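Encoded as structure tokens, the structure appears first; notes follow it.
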Amino acid sequence: MKITLRRKIILTFFVFLLVGGAFWSMNYFKQRHLERTIQILEKEHELLNTILEARRYEKNFFLTMEYRNLDDALSYVRAGEQALSSIMGEKGPRIHTYNLNDKLQKLRKYKGALTALSVYYEDGFLKLPTELMENLVRHDQEVRSSGKQITGDVELMLKEEGRYLSRQLTEARTYHFIALAAILSLCVFTALYLVFNVIRPLKSIEHAIDQIARGDFENIPALSTGDEFASLVTSLNHMIEELNRRSEQLVQREKMASLGTLTSGVAHELNNPLNNISTSIQILMEESDDADREYHKELLRETEHQVDRARDIVKALLEFARDTSFSPRPVRLKDLVEKTLKLIKGEVPANVSIELDIPDGITAELDPRRIQQVLINLIINGVQAMDGNGSLDIVATEMPDGHGFYLQVKDSGEGIPQENLPKIFEPFFTTKDSGHKDVGEGSGLGLSVCHGIIEQHGGRIEVESEQGKGTTFTIFLAET
């Protein structure tokens, strides 16, 4: 079953809420239980204090035999009776285990014993007959025994309740630690779940889009998440395939535009050997009766040479125009540049000198047709920038660290304004007047395609220019 990203997030939130709610409820009810236990314990303390106060006034009474001490003792016993009745009305989990009815009976017995002492007083004064004094002594023992029993029972109940509260507090701390550990574990699980199901796919897609922005149209590895990310990766891969196809079309279109630029120069180059062939044939026809066979052989050899020359020009032109996929192979840089210069020789005015300084030992893994396209664009742009008069240098230098080389195309033209340099490799950016474009000129795609071809080779291309002093394009590539 396909689980969408929305469902994953809702499910994660629901599980987090459910588990968190369960632990919160457990701790809440435990807290409420502790609160009730503490309230009962407070009432039991109040009961014990009340009984102890009654016992204190009881002792004072037997020491002083003053009625007011007896009256105060009775007042405290009545307050204790109310406190015990209040405790019996609670619904605590341990209330029924203390046999509070028995304790209430003992408290009432104590109250009755104290009340019985009041018969020895009249109007607050003690009656002193001998028989009454004997009864008073007997009541003294009964009161003290009853007070001692109820006090001991309440103290024992209070100790047991204190121990129970201590155990409950320990359990509460344990529950808190368990809840905290469970919530932390759930947070870690949720974080890992989001990392593997949301953040990692997003990072993968972000990296792939960044690669696409840099011109690397490699397919994104398929995701098995079964959600929108997997669909997005599939859509992006379709888009990358389409971009690759259109990129190839763009390279070929720009190549054909460059081919249009080269046509007039190539026609001029072909015209020279054809004229030589025509002249040689005419001479042969006019002097066919002569006996100078060596001279005729020389003319035929020259004719064959000019035919080979014309064939080489046409072959180079066809190879350049051929639509092929990216196919790098070991290429000797100097041979490739020289071959390219022969191809565009007819486009270079007589007043433009081209100086070549490329070491023989530089060999690189290149697609020769695509690098030719880059060279043609840069050289033709440099020639046009010099307006038919100046010098153009093509220099290659190996890196000092031995990890590659750089190739520079320097012209002495008018230069590029500084505000245009950051946009020079953008598609469709051109400084040529749209109303004065020759065939293949000023499309604004040439340098953009060059940039893409160089990045396809794992290199980079940079430009430096100063108005009135010329422009230098530098290509950095790895050496084989």
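Some points to look at:
- For GLY390, nonlocal amide neighbours, meaning residues 5 or more places apart or on other chains whose placed amide H falls under 5 Å from its own, are VAL352, SER353.
- For segment 5-200, the residue among THR190, ALA79, PHE61 whose Cα projects farthest onto the positive side of the dipole built from Cβ charges is THR190.
- Summarising the strand pairing of segment 355-418, around 70 percent of its internal DSSP beta bridges are antiparallel.
- Given their separation in residues at 0.36 nm each and the Cα-Cα distance between them, PHE62 and THR234 gain 52.0 nm when the chain is fully extended.
- Summing Lys and Arg as +1 and Asp and Glu as -1 over all other residues whose Cβ lies under 12 Å from the Cβ of ASN389 gives a net charge of -3.
- Remark on segment 363-405: hydrodynamic radius 12.4 angstrom, per the Kirkwood mean of 1/r across alpha carbon pairs.
- Packing here is the average count of other Cβ atoms within 10 Å per residue, and on that basis the peptides 362-375, 161-174, 386-399, highest first, run 362-375, 386-399, 161-174.
- Top positive-direction residue, dipole computed over segment 5-200 with Cβ charges, set ALA181, THR115, VAL154: ALA181
- Counting 0.36 nm for each residue step from ARG460 to ILE38 and taking away their Cα separation leaves a gain of 144.2 nm.
Here, each number is a calculation from the coordinates, and none is a lab measurement. Because the structure is predicted, anything quoted here is derived from the model rather than measured. Glycine also receives a Cβ, built like all others from the backbone with ideal geometry; neighbour counts cover every protein chain displayed.
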